[in-house]
Amino acid sequence: MYEDLVIAGFGGQGIIFSGKLLSYTGLREGKEVSYFPSYGSEMRGGTANCTVVISDNMIVSPIVTSPRNAIIMSQPALIKFLPRVKEKGRVLINSSLVRRPVECPKVEIVEVPANQIAEELGESRVANMVILGAWVTISKILPLNSLINSLKGFLSGKKAQFRQINEKALREGGKFVSFTD
């Protein structure tokens, strides 16, 4: 088993957090993991992306120039990363923010209204968890419950108060793609 993914969007959308959580969960599941973040000097509003590789075997390089999977959280990220996705790859798009109709016959496109679902949960800042829950559910790379259990390692101390809403967001993302299959 080998799966690679680029997560891309604006700074402040939880792009880096999503990649770290996914990587941490892979390690907890006994997988080989590579995590490579990239972000502009701006904290919010600048560009942010990261690549994650999860495998049963040794990972040769953390650099992924043509990923098989992508989570796209913004229009600029779509323009930059969609052309890089391998043929027959899968792209999850935050359809709440990416307005341009997407036509790319070489890849599977899954539109997830991540911001809308997050707002319905009462916290727009968990859109990243919604779409991550959707991707994990579709890819089956890791169990969704394992991702949820990993939140305890990330959201402790003062941040523990955010665990419940992040868990709900992950579950709602998973439910969204389960109902649309």
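We did not get these values from a lab; they are worked out from the coordinates using the rules stated. Computed from a predicted model, the values in this text were never measured in an experiment. Reconstructed Cβ throughout: ideal geometry from the backbone, glycine too, with neighbour counts over all protein chains shown.
Quick one: which residues, 5 or more positions from T47 or on another chain, have an amide H under 5 Å from its amide H? H modelled 1.01 Å from N in the peptide plane, none for Pro or chain starts. So T47 has HN proximity to G11, G40.
Summarising the label geometry, the points placed 7 Å from Cα in the beta-carbon direction at T65 and K80 lie 1.8 nm from one another. Just so you know, the Cα atoms of the chain work out to an Rg and Dmax of 14.9, 46 Å. Contact order, relative form, for the stretch 2-180: 20 percent (alpha carbon pairs under 8 Å, 6 or more residues apart, mean separation divided by residue count). Restricting the count to DSSP beta bridges whose residues both fall in the stretch 2-180, what percent are antiparallel, rounded to a multiple of 5? Counting DSSP beta bridges with both partners in the stretch 2-180, the antiparallel share is about 55 percent.
The H on the amide N of R68, modeled in the peptide plane, is under 5 Å from the matching H of D4, K86, each at least 5 residues off or on a different chain.
Ordered by the number of other Cβ atoms lying within 10 Å of each residue's own Cβ, fewest first, T65, T47 fall into the sequence T65, T47. Each of M73, M129 has some number of other Cβ atoms within 10 Å of its Cβ, and from fewest to most they run M73, M129. This ranking places D56, D4 by how few other beta-carbon atoms lie within 10 Å of each, fewest first, which gives D56, D4.
In this label model, S38 and E87 are separated by 2.4 nm, measuring between points 7 Å along each Cα→Cβ vector.
A straight Cα-to-Cα reach below 28 Å connects K31 with the lysines K20, K86, K88, K140, K152, K159, K168, K175, residues fewer than 8 places away in its own chain not being considered.
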